[in-house]
Amino acid sequence: MAVAAQAVPRATAVTRPRKEREQELLVWPDLVFIEFIAAVLFTLSFLILSAVVDAPLLNRANLDITPNPSKAAWYLVSLQEMLLHMHPALGGVIAPTFALGGLAALPYIDRKTEGQGAWFATPYAIRITLFSAAFASIFLVGLVLYDQGRHVNVITNIAQRVDADWEWPGKLAPFQNVRAIQTGWEWHIPVPEAAQLGPGEHDGELNWPQDFQNVPMPFNGTSGPDWMRWGAPDFLPGWMQAMYWYDLNMNTPTFVVEQFIPVFIMVALPFLLIYILRRLGWVQDVRGGAIALFTGLMTSYFVLTIIGAAFRGAGQDLVMPWDVPKID
Amino acid sequence: MSVTEQPRGPGIGGWLADKLFRNYIWRSIFRSGYPNTPRNQMLVVATNVFLHLHPTRIHKTHVRITHTYCLGGLTFFFFLSLTVTGVMLMFYYVPSPGQAYTDLQALETNIRFGMLMRNLHRWMAHGMVISVFLHMMRVFYTGAYKPPREFNWVVGVILLTLTLALSFTGYLLPWDQLAIWAVTVGMNMAGTAPILGEDTRLILLGGLEVGDAALIRFYTLHVIGLPLIAAIFMAVHFWRIRRDGGLARPL
């Protein structure tokens, strides 16, 4: 019965009332000719393009000579760009999988039938699109520039004209780039005598990053009281052992830099975008939110592709397009 | 059997048309008459296996170029053209590390129109990736994924990934520095996937690094495996467009 009930609205889309016939054209010639002309135009233009521009062929493949930079195909360059800023599994696999999954799930989230069959048919659709594209571009370019850290040189140069001994203060290392949280940031919190736990000497301070590099995870089988200590789970098949965090001590600074901050940004920015658009009153339903997120995703893809393809030189350094070395 | 109209013009034109289009052999091939009357124009679409991708009639807004920019059809056109140029290239290409690069050089210098075919194949491959993206954006911004077309959007997402996979597998075949390092970078990315990553990488490469096993695997996937899968999903994609009543229309 459920199937029959579902079939009713669908059937109306297929059978067309008589009066609609007057709105209809014959596929031959009205559509077939357009398709034919389009095919001819594209065949011709690609023939001309292929006669003028040759496909690249570099030197014979050689795994002993690594070109610098070595880049992925252009449609994967955006993922390669993400690898520079976060954990490789997160940037190269997990985030894109979520993006594709979200893309596929879209019609099951936005189920209303309004706004179909015409460009930007819902209210504020164009505004949402433009705003989301600008939002994503500005934040992405800003984040890439921040993580590249060129501003550190600029500010240091200026400050050293005033005071030749000036250096970027260690407390402000996170403002250099995200990796500096792990490698350049230092702070110390004095720990009262009573709270100094664990065996051995205690220096009386909690120091970032060294005291956070080896934090035992709960239930890892090697930390905690005696009853929480057990042997390696040899009885599990290998792939399960790989998933179980036996013996795992977390490197907190690395985790923060490579996973926590990137995930936080990738989740928080879409939420911020939707929040702003709702406050503006432009996003009023699921379709509006879908337009914002889809536009944000597409813009991120394009911006990262452009940065990765045209602005990454030797050593994946951020350079101007004309400074990207030609590889052979 | 379809009954067709046969308007006959006077004079020599009509006589010629009779001889050309009304003889026994012609009519055994093309069952509808010359498509110059509405009835024959519908029959020519309905009785032809290729044109039968279309309905016989279509809403007049749907032939407006700006409604779709022909992007889906263009993607299909690229797929067909890539098949033709790809078959041409296969005649001259041996997928082995010893010979692939030499074959490419021969294709560019010794073989008539070899360079043209290779250029066409490469630029159209890029064109197809771009047109798939643009088609997806067209479908999204015209709201054409909404009921009853939900699942066809999912099929479209699958076709997008298949297009990227087709392009990626083809990228290795020239066996030059660009090819091998782009694939190395891509496969290293896949290798970082949790749990399944390393196995996926090993299966696709047939070894620890991009070598002869990887080349033959990518070649097989590129010339037959992925095109077959893509063709099946394309058939589903087109079939469902017809079943869902053609292009989406405002309510």
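A:PHE120 satisfies every condition listed in (1) open to solvent by 50 Å² or more (accessible area, probe 1.4 Å); (2) among the hydrophobic types (A, V, I, L, M, F, W, C); (3) within 13 Å of the chain's Cα centre (by Cα) except (3). Number of residues in the stretch B:132-145 that are more than 9 Å from chain A (Cβ to nearest Cβ) and open to solvent by less than 40 Å² (accessible area, probe 1.4 Å) equals 2. The set of residues in the stretch B:188-239 being of a type in the set (S, T, N, Q) and more than 10 Å from chain A (Cβ to nearest Cβ) consists of B:THR220 alone.
Surrounded by 12 or more Cβ atoms within 10 Å (Cβ to Cβ), assigned to a helix (DSSP H, G or I), at pLDDT below 80 and facing chain B (nearest Cβ under 8 Å): is that true of A:ARG10 in this structure? Yes. For the stretch A:167-188, indicate whether the set of residues that are farther than 29 Å from A:ILE265 by Cα and surrounded by 11 or more Cβ atoms within 10 Å (Cβ to Cβ) is non-empty. The answer is no, given that none of the residues of the stretch A:167-188 is farther than 29 Å from A:ILE265 by Cα and surrounded by 11 or more Cβ atoms within 10 Å (Cβ to Cβ). For the stretch A:307-323, the count of residues that are assigned by TED's automatic domain parsing to the domain that holds A:TYR124, of a type in the set (A, V, I, L, M) and surrounded by 18 or more Cβ atoms within 10 Å (Cβ to Cβ) is at least one. The helices (runs of 4 or more DSSP H) found entirely in the stretch A:233-319 that carry 3 or more residues being within 12 Å of chain B (Cβ to nearest Cβ) are A:238-243, A:286-310. Residues of the stretch A:83-101 include none that is on the phi < 0 side of the Ramachandran plot, within 7 Å of another protein chain (Cβ to nearest Cβ) and in contact (Cβ under 8 Å) with a residue 24 or more places away in the chain. Residues in the stretch A:263-298 that are open to solvent by 20 Å² or more (accessible area, probe 1.4 Å) and among the β-branched types (Val, Ile, Thr): how many? So the count comes out to 6. Applying the condition of being β-branched (Val, Ile, Thr) and modelled with pLDDT of 95 or more to the stretch A:287-328 and asking which residue is farthest from B:ILE180 (Cα to Cα) yields A:ILE291. Among the residues of the stretch B:89-105, the ones that are surrounded by fewer than 19 Cβ atoms within 10 Å (Cβ to Cβ) and of a type outside the set (Ser, Thr, Tyr) come to 7 in all. Taken together, the residues in the stretch A:73-82 that are within 18 Å of B:MET128 (Cα to Cα), touching a residue at least 24 places away in the same chain (Cβ under 8 Å) and open to solvent by 10 Å² or more (accessible area, probe 1.4 Å) amount to 1. Whenever a residue of the stretch A:114-128 is facing another protein chain (nearest Cβ under 8 Å) and modelled with pLDDT of 90 or more, its partners that are assigned to a loop (DSSP other than H, G, I, E, B) and open to solvent by less than 20 Å² (accessible area, probe 1.4 Å), lying with C-beta atoms within less than 6 angstrom and at least six residues away or across chains, give the pairs A:TRP119/B:THR142; A:ALA121/A:GLY115; A:THR122/A:GLY115. If you filter the stretch A:51-71 down to residues that are among the small types (Gly, Ala, Ser) and either open to solvent by 30 Å² or more (accessible area, probe 1.4 Å) or in contact (Cβ under 8 Å) with a residue 12 or more places away in the chain (or both), you find that the one that is nearest to the other protein chains (Cβ to nearest Cβ) is A:SER70. When the stretch B:47-78 is filtered for residues that are more than 29 Å from B:TYR34 (Cβ to Cβ) and open to solvent by 30 Å² or more (accessible area, probe 1.4 Å), the ones remaining, listed by number, are B:THR66, B:TYR69. Would you confirm whether or not the stretch B:166-175 contains a residue that is at pLDDT 95 or above, within 8 Å of chain A (Cβ to nearest Cβ), open to solvent by 10 Å² or more (accessible area, probe 1.4 Å) and touching a strand residue (DSSP E or B) at 6+ places or on another chain (Cβ under 8 Å)? Taking every residue of the stretch B:166-175 in turn, at least one turns out to be at pLDDT 95 or above, within 8 Å of chain A (Cβ to nearest Cβ), open to solvent by 10 Å² or more (accessible area, probe 1.4 Å) and touching a strand residue (DSSP E or B) at 6+ places or on another chain (Cβ under 8 Å).
Quick check on B:PRO148: is it at pLDDT 95 or above and either at the interface with chain A (Cβ under 9 Å from one of its Cβ atoms) or out of contact with any helix residue (DSSP H, G or I) (no Cβ under 8 Å at 6 or more places or on another chain) (or both)? Criteria not met by B:PRO148. When you scan the stretch B:90-138, how many residues do you find that are aliphatic (A, V, I, L, M) and touching a residue at least 24 places away in the same chain (Cβ under 8 Å)? Selection size over the stretch B:90-138: 12.
Quick grid of which residues meet (1) more than 17 Å from B:ARG57 (Cα to Cα); (2) touching a Phe, Trp or Tyr at 6+ places or on another chain (Cβ under 9 Å); (3) at pLDDT 95 or above:
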| position | (1), (2), (3) |
| --- | --- |
| A:GLN6 | yes, no, no |
| A:ARG16 | no, no, no |
| A:GLU35 | no, yes, no |
| A:THR66 | yes, yes, no |
| A:LEU76 | yes, yes, no |
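The values are calculated or read from the model by the stated rules, or taken from the named source; none is laboratory data. Note that the structure is a prediction, hence the values are computed from the model and not measured. All Cβ positions, even for glycine, are placed from backbone atoms using ideal geometry, and neighbour counts span all protein chains on display. Ligands, DNA and RNA are excluded from the accessible area calculation, which covers all protein heavy atoms including side chains. Shrake-Rupley method; radii C 1.70, N 1.55, O 1.52, S 1.80 Å.
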